[in-house]
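J.: What follows is a structure written as structure tokens; I'll ask about it next.
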């Protein structure tokens with residue numbers, strides 16, 4: 001009999017404790033992010049598609065057209081081309097194309113780059129209507145940034 | 001032309017009661033969604049109108065424009081009559097509820113009895129609808145609703161009998177006038193009549209949750225087990241009317257709890273009694289009903305029946321005996 005009553009009282013009390021927890025949540029601020037209107041900053045380790053980085057001093061690409069990324073890519077989605085120019089040491093980048101339809105975001109290209117010329121972008125709004133929209137000309141993108 | 005003022009009064013209250021019930025059904029859905037959202041730290045409806053206040057209107061239009069499908073093989077009469085059988089008694093119960101000193105459609109001497117008589121028709125409506133829709137989930141749901149309501153009607157009515165023994169009347173208006181003058185006069189704290197009065201209120205409230213098929217006793221529409229329970233085969237406004245009936249029943253339950261235990265339109269400190277206090281208490285109880293829904297998970301069916309037969313019924317009978325003894329002695 002004592003156990004019966006004790007169980008009822010402790011059970012009822014636990015119900016009130018539960019109500020207390022939910023009402024505390026009720027008065028706390030909401031955590032929803034209204035996505036198209038608000039966005040959260042992406043985390044440092046987020047892997048978007050790759051992009052070319054700028055040299056801080058010259059504002060040009062750091063790419064030396066060694067072709068390491070092209071070789072490292074398991075899905076053959078990177079095309080790098082360069083040419084020799086008069087008066088310039090080393091090769092000059094003429095084409096850097098990423099076929100994002102094939103990219104698996106493995107990051108081997110970023111790892112293999114000897115000059116840290118490529119990095120992951122924080123871009124994730126990538127909806128489009130054509131397949132061609134996903135063949136990125138990264139050189140043009142870098143120039144558009146400048 | 002002479003028109004009997006009684007007819008105008010009747011029409012005014014008819015329109016008023018239906019409008020009140022429909023408005024409540026619409027905006028309680030909004031309140032439920034908002035409250036659920038904030039308990040889970042979300043925002044809830046916000047796009048349609050300021051704070052999503054036009055959402056119920058849009059939901060209503062959606063329900064009304066949908067096709068009313070009557071599946072092949074259903075019992076056409078029972079299937080169509082069931083939503084009405086749920087809705088009409090809920091509206092009828094509003095007739096006897098005194099919202100304030102003067103605001104009551106019909107002050108009956110057996111008002112309390114009328115409400116409980118109509119409240120039990122609700123179950124019949126659900127049972128007929130479920131039986132008529134020729135669906136196994138609906139029939140399982142109906143069986144659950146009936147056994148649940150049989151189980152919870154007993155402690156509820158025993159508690160009400162205890163209360164009627166104290167008040168000596170079934171007239172809801174008189175029950176409230178006995179409690180006027182401040183919160184220490186309310187039946188909730190009427191400890192001289194029975195020291196178990198707060199427990200009686202708790203029992204009444206739990207039974208009200210079960211009678212209106214609200215979580216954690218929502219066995220009738222256990223979505224994860226029974227699709228939509230008794231409403232599985234209903235579409236469009238057929239479902240809408242069921243839904244409105246459910247919310248109207250919650251309003252009735254909260255109103256009756258307010259009248260019986262919380263002093264109706266009485267102000268807690270004895271100042272400015274009026275209809276606003278009735279509404280504040282009633283909506284606070286409804287808020288609690290929704291709050292409970294978003295706090296507790298659904299009980300098992302056996303747990304639900306055990307709670308009624310092993311805990312609520314013995315305690316309410318003990319309270320009945322204690323109250324009658326105290327009334328006899330003092």
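The values are calculated or read from the model by the stated rules, or taken from the named source; none is laboratory data. Not measured: the values here are computed from a predicted model. Virtual Cβ from ideal backbone geometry, glycine too; neighbours counted across all protein chains shown.
J.: Does any residue of region B:76-97 turn out to be part of a loop (DSSP other than H, G, I, E, B) and touching a residue at least 60 places away in the same chain (Cβ under 8 Å)?
T.: yes
J.: Do we have residue B:238 as surrounded by 22 or more Cβ atoms within 10 Å (Cβ to Cβ) and either within 17 Å of the chain's Cα centre (by Cα) or in contact (Cβ under 8 Å) with a residue 60 or more places away in the chain (or both) here?
T.: When the stated conditions are applied, residue B:238 passes them.
J.: Hey, residue A:81 hits all of (1) out of contact with any helix residue (DSSP H, G or I) (no Cβ under 7 Å at 6 or more places or on another chain); (2) part of a loop (DSSP other than H, G, I, E, B); (3) over 25 Å from residue A:39 (Cα atoms) but one; which does it fall short on?
T.: So the condition that residue A:81 fails would be (2).
J.: Restricting attention to region B:1-56, report how many residues are under 30 Å from residue B:98 (Cβ atoms), outside any loop (DSSP other than H, G, I, E, B) and more than 14 Å from chain A (Cβ to nearest Cβ).
T.: 27
J.: Report yes if some residue within region A:56-71 is assigned to a loop (DSSP other than H, G, I, E, B) and closer than 27 Å to residue B:39 by Cα; otherwise report no.
T.: Scanning region A:56-71 turns up no residue that is assigned to a loop (DSSP other than H, G, I, E, B) and closer than 27 Å to residue B:39 by Cα.
J.: Going through B:297, B:273 one at a time, which residue ends up being touching a residue at least 12 places away in the same chain (Cβ under 8 Å), over 19 Å from residue B:183 (Cβ atoms) and either within 14 Å of another protein chain (Cβ to nearest Cβ) or not in a helix (DSSP H, G or I) (or both)?
T.: Residue meeting the stated conditions: B:297.
J.: Something else about it: Need the failing condition index for residue B:219 against (1) closer than 28 Å to residue B:277 by Cβ; (2) modelled with pLDDT under 80; (3) part of a loop (DSSP other than H, G, I, E, B), just the number.
T.: The number of the failed condition is (1).
J.: Is it true that residue B:246 is more than 14 Å from chain A (Cβ to nearest Cβ), closer than 30 Å to residue B:73 by Cβ and surrounded by 15 or more Cβ atoms within 10 Å (Cβ to Cβ)? Break it down stepwise before answering.
T.: Numbers: more than 14 Å from chain A (Cβ to nearest Cβ): yes; closer than 30 Å to residue B:73 by Cβ: yes; surrounded by 15 or more Cβ atoms within 10 Å (Cβ to Cβ): yes.
Yes: the conditions hold for residue B:246.
J.: Select from region B:315-325 the residues that are touching a helix residue (DSSP H, G or I) at 6+ places or on another chain (Cβ under 8 Å) and within 14 Å of chain A (Cβ to nearest Cβ) and write down the one among them that is farthest from residue B:153 (Cα to Cα).
T.: B:319
J.: Can I ask one more? How many of the residues in region B:222-231 are surrounded by fewer than 20 Cβ atoms within 10 Å (Cβ to Cβ) and closer than 24 Å to residue B:62 by Cβ?
T.: Of the residues in that region, 3 qualify.
J.: Can residue B:328 be described as in a helix (DSSP H, G or I), within 14 Å of chain A (Cβ to nearest Cβ) and free of Cβ contacts under 8 Å to residues at least 12 places away in the same chain?
T.: no
J.: Here's another thing I want to ask about it. Considering every residue within region B:98-109, establish whether at least one is buried (at least 19 other Cβ atoms within 10 Å of the Cβ), in contact with a helix residue (DSSP H, G or I) (Cβ under 8 Å, 6 or more places away or on another chain) and assigned to a helix (DSSP H, G or I).
T.: No; the residues of region B:98-109 include none that is buried (at least 19 other Cβ atoms within 10 Å of the Cβ), in contact with a helix residue (DSSP H, G or I) (Cβ under 8 Å, 6 or more places away or on another chain) and assigned to a helix (DSSP H, G or I).
J.: Looking at B:260, B:312, B:307 in this structure, which one is within 14 Å of chain A (Cβ to nearest Cβ) and buried (at least 22 other Cβ atoms within 10 Å of the Cβ)? Don't jump to the end; show me each part of the working.
T.: Numbers: B:260 fails: within 14 Å of chain A (Cβ to nearest Cβ); B:307 fails: buried (at least 22 other Cβ atoms within 10 Å of the Cβ).
Every option except B:312 fails the conditions.
J.: Under the condition of being facing chain B (nearest Cβ under 8 Å) and not in a helix (DSSP H, G or I), which residue from region A:8-38 is nearest to residue B:202 (Cα to Cα)?
T.: A:28
J.: Can you say whether residue B:196 is closer than 23 Å to residue B:156 by Cα and free of Cβ contacts under 8 Å to residues at least 12 places away in the same chain, as far as the supplied structure shows?
T.: Judged against the criteria, residue B:196 is not a match.
J.: Here is a further query. Residue A:5 versus (1) in a loop (DSSP other than H, G, I, E, B); (2) facing chain B (nearest Cβ under 10 Å): which is the lone unmet condition?
T.: Unmet for residue A:5, out of (1) in a loop (DSSP other than H, G, I, E, B); (2) facing chain B (nearest Cβ under 10 Å): (1).
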